[in-house]
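Engineer: Structure provided below as C-alpha cells; questions to follow.
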Amino acid sequence: MIDDDKLPFTAHLEELRTRLIRCFVAVGIGFLISYGFKERLFAILTRPLIQVMNEGETLIFTGVSEAFFTFLKVSFLAGILLAIPVIMFEFWMFVAPGLYKNERRIMMPIIIISSFFFIGGALFGYFIVFPFGFQFFLGFATETLRPMPSMKEYLSFSAKLLLAFGFVFELPIIITFLARIGLVSVDFLKKNRKYAVLIIFIVAAIITPPDVVTQVMLAVPLMLLYEISIIGARIFGKKSPAENSADPADA
C-alpha cells in the first residue's frame, strides 16, 4: 500500500531538486565522455545525409565559431542519450512513493524498458526515417540549385527529430502507467482507437519531413505501439470493482 506517512510539499520539492541535480550530473559526465569523440560522433550523426548527397558535396559552416559550438551541442546530445538510464531511474524513483509496494517491485524493469523504448525510437529515426527524409529534401536540387546544408542547421534539425522519436516511442509506458493509476482503461483505449490513429498521423506529419512515405513509416510503428499499450493496460491496468469481484482469486 501507499505509505501512510505523507511527506510535506517542501520535502517533495527538495527531493525533486536532488533528483534533477543527479540528472544534470549524469548528463554532464556523458557530455565530458562524448566530447572526446566529438568528430566521430558528428560523422556518425551526419552519415544518413552524406550518403544521399552527390559525390564531392559536404556540409559547411558559415560562422567562425559555428563548428566549435556544433561539436559542443553534439557532445551534449550524446550526453543526454548516455544519461537516459539515469534520467529514467530518477523520474520513476520520484514517482515511486505514490505507488503500492507491489508496484514498486517492477520499477527497475520499467526503467530498463523506458530506456529501451527511448533509445529504440531514436535509432528508428536515424536508420529508417532519416535516409528517406533527407533524400526527399535533396530531391529539390537542380542544375541551378545546389544543396549546401550547414553544420548548425543539420544538427538542430536532426537533434529535434531524434529526441521527438525517442519521446513518442515512450507511448506504451505512458499509457500503461495511466491505466495503472486508473486514468484510462482498456475499454477506453479500444473505443477511441480511431481517434488515436488520427492523432498518430497528425503527430507523424508534424515530426517527420513533409512527405507521405516518412509519415507512414512513423505512423505504422506508433499504431503498433498503441496496440502494445492496450496489452500493457490489460495486464497492469487498474481493475474496476466489477472485474475485482469477478476475479476467481477472490472467490
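Engineer: Given the condition within 17 Å of the chain's Cα centre (by Cα), under 30 Å from residue 58 (Cα atoms) and either outside any loop (DSSP other than H, G, I, E, B) or among the hydrophobic types (A, V, I, L, M, F, W, C) (or both), answer yes or no: does some residue in region 189-204 qualify?
Structural biologist: For region 189-204, residues within 17 Å of the chain's Cα centre (by Cα), under 30 Å from residue 58 (Cα atoms) and either outside any loop (DSSP other than H, G, I, E, B) or among the hydrophobic types (A, V, I, L, M, F, W, C) (or both): present.
Engineer: Which condition number does residue 139 fail, the rest of (1) closer than 30 Å to residue 197 by Cα; (2) crowded, with 17+ Cβ neighbours inside 10 Å; (3) without any contact (Cβ under 8 Å) to a residue 60 or more places away in the chain; (4) not hydrophobic (A, V, I, L, M, F, W, C) being met?
Structural biologist: (2)
Engineer: Shifting gears a bit: Six or more apart or on different chains, Cβ atoms under 7 Å: show the pairs whose first residue is in region 173-202 and in contact (Cβ under 8 Å) with a residue 60 or more places away in the chain and whose second is part of a loop (DSSP other than H, G, I, E, B) and buried (at least 19 other Cβ atoms within 10 Å of the Cβ).
Structural biologist: Pairs found: 180/237.
Engineer: Follow-up question, since we're still on this one. Which one is farthest from residue 41 (Cα to Cα) among residues in region 142-160 that are without any contact (Cβ under 8 Å) to a residue 60 or more places away in the chain and hydrophobic (A, V, I, L, M, F, W, C)?
Structural biologist: Among those residues, the one meeting the criterion is 145.
Engineer: Sticking with this structure for a sec: Kindly indicate whether any position in region 115-131 is polar (S, T, N, Q), modelled with pLDDT under 90 and over 24 Å from the mean Cα position of the chain (by Cα).
Structural biologist: Within region 115-131, none of the residues are polar (S, T, N, Q), modelled with pLDDT under 90 and over 24 Å from the mean Cα position of the chain (by Cα).
Engineer: Which one of these is small (Gly, Ala, Ser), on the phi < 0 side of the Ramachandran plot, assigned to a helix (DSSP H, G or I) and modelled with pLDDT under 90: 249, 233, 219?
Structural biologist: 249
Engineer: Which one of the conditions (1) touching a residue at least 12 places away in the same chain (Cβ under 8 Å); (2) farther than 16 Å from residue 159 by Cα does residue 49 fail to meet, given that it meets all the rest?
Structural biologist: (2)
Engineer: Now, a different point. Of the residues that sit in region 62-72 and are under 29 Å from the mean Cα position of the chain (by Cα) and under 16 Å from residue 157 (Cβ atoms), which one is surrounded by the most Cβ atoms within 10 Å (Cβ to Cβ)?
Structural biologist: 70
Engineer: Further, regarding this structure: What number goes with the only condition from (1) surrounded by fewer than 17 Cβ atoms within 10 Å (Cβ to Cβ); (2) closer than 17 Å to residue 156 by Cβ that residue 125 does not pass?
Structural biologist: So the condition that residue 125 fails would be (1).
Engineer: Filter region 27-72 down to residues that are small (Gly, Ala, Ser) and either closer than 18 Å to residue 137 by Cα or not in a helix (DSSP H, G or I) (or both) and give me whichever is modelled with the lowest pLDDT.
Structural biologist: 56
Engineer: Select from region 143-199 the residues that are out of contact with any strand residue (DSSP E or B) (no Cβ under 9 Å at 6 or more places or on another chain) and small (Gly, Ala, Ser) and list them in ascending order.
Structural biologist: Hits for region 143-199 are 156, 158, 159, 164, 166, 179, 182, 185, 196.
Engineer: Separate question: Which condition number in (1) part of a helix (DSSP H, G or I); (2) at pLDDT 90 or above; (3) of a type outside the set (Phe, Trp, Tyr); (4) over 19 Å from the mean Cα position of the chain (by Cα) is the one that residue 242 fails?
Structural biologist: Tallying (1) part of a helix (DSSP H, G or I); (2) at pLDDT 90 or above; (3) of a type outside the set (Phe, Trp, Tyr); (4) over 19 Å from the mean Cα position of the chain (by Cα), residue 242 fails exactly one: (2).
Engineer: Also, I was wondering about something else. Can you name every residue in region 139-182 that is farther than 30 Å from residue 63 by Cα, part of a loop (DSSP other than H, G, I, E, B) and modelled with pLDDT under 90?
Structural biologist: Correct list: 181, 182.
Engineer: If you go through region 73-111, how many residues are surrounded by fewer than 14 Cβ atoms within 10 Å (Cβ to Cβ) and either touching a residue at least 12 places away in the same chain (Cβ under 8 Å) or outside any helix (DSSP H, G or I) (or both)?
Structural biologist: 4
The values are calculated or read from the model by the stated rules, or taken from the named source; none is laboratory data. Remember, it's a predicted structure, so these values are computed and weren't measured experimentally. Neighbour counts are summed over all protein chains in view; Cβ atoms, including those assigned to glycine, are modelled from backbone coordinates with ideal geometry.
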